[in-house]
Amino acid sequence: MPDKTNQEYSSTPHLIEDLRALLLEGKVTKQEDICAVLLKKGHQVNQSKISRLIRKLDAIKSKNELGHVVYRLAHEPAPPTTASQLSNLMIDAVANEAVIIVKTAPGAAQLIARILDYHKEKIQILGTIAGDDTIFVAPTSIKTIKESLMAIKQVLFR
């Protein structure tokens with residue numbers, strides 16, 4: 001049976017990017033406000049989905065420069081545990097017309113890159129270059145970069 005939770009993350013590729021940008025602003029105080037902003041951007045979300053995404057991004061509540069309690073991204077995600085699932089090490093995967101970038105928890109990029117290299121035929125990539133928390137992925141062809149990105153998300157976010 002497919003995991004509905006992971007499907008919702010891959011069904012709207014820009015949702016996590018838009019949520020992350022909103023949290024980086026450090027201005028939203030309620031999940032309902034987050035829903036309203038994301039709905040205006042065309043994302044089909046509700047409060048429970050926002051709650052799950054906030055947990056996935058390890059967002060926290062803290063005071064901003066005006067003293068208001070707001071949602072924001074933690075400076076660094078919590079370190080992975082030995083019992084972590086692969087999807088818990090993943091933060092995001094994005095692409096432009098030429099390259100795919102995968103963001104991971106600190107220290108997890110080389111492990112994730114190795115997994116991507118192992119599946120390079122399936123996900124149509126030439127290879128990867130991994131840093132500490134970022135992976136550069138070279139697609140086989142820029143013509144199929146969207147398909148490669150979706151395949152990467154299926155492998156990593158399952």
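The values are calculated or read from the model by the stated rules, or taken from the named source; none is laboratory data. Quick caveat: nothing in here was measured; it's all calculated off a predicted structure. For neighbour counting, all protein chains shown are included, and Cβ atoms are generated from backbone atoms with ideal geometry for every residue, glycine included. Quick note on the areas: whole protein, heavy atoms, side chains included, nothing else; ligands and nucleic acids left out. Shrake-Rupley method; radii C 1.70, N 1.55, O 1.52, S 1.80 Å.
Results for (1) open to solvent by 30 Å² or more (accessible area, probe 1.4 Å); (2) aliphatic (A, V, I, L, M), shown as yes or no for each residue.
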residue	(1), (2)
HIS43	no, no
ARG55	yes, no
LEU66	yes, yes
ILE91	yes, yes
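For the residues ALA98, ALA59, ALA151, ALA108, the requirement of being surrounded by 15 or more Cβ atoms within 10 Å (Cβ to Cβ) and either modelled with pLDDT of 90 or more or in contact with a His (Cβ under 8 Å, 6 or more places away or on another chain) (or both) singles out ALA151. Scanning the stretch 92-135 for residues that are charged (D, E, K, R) and part of a helix (DSSP H, G or I) yields ARG114, ASP117, LYS120, GLU121, LYS122.
Look at the stretch 135-155: where a residue is of a type outside the set (Val, Ile, Thr) and a partner is surrounded by fewer than 20 Cβ atoms within 10 Å (Cβ to Cβ), sitting 6+ places away or on another chain with Cβ atoms under 6 Å, you get PHE136/ILE129; ALA138/LEU126; ALA138/GLY127; SER148/GLN124; LEU149/ALA95; LYS153/SER10. Residue count for the stretch 36-71, restricted to those that are closer than 27 Å to LEU89 by Cβ and part of a helix (DSSP H, G or I): 11.
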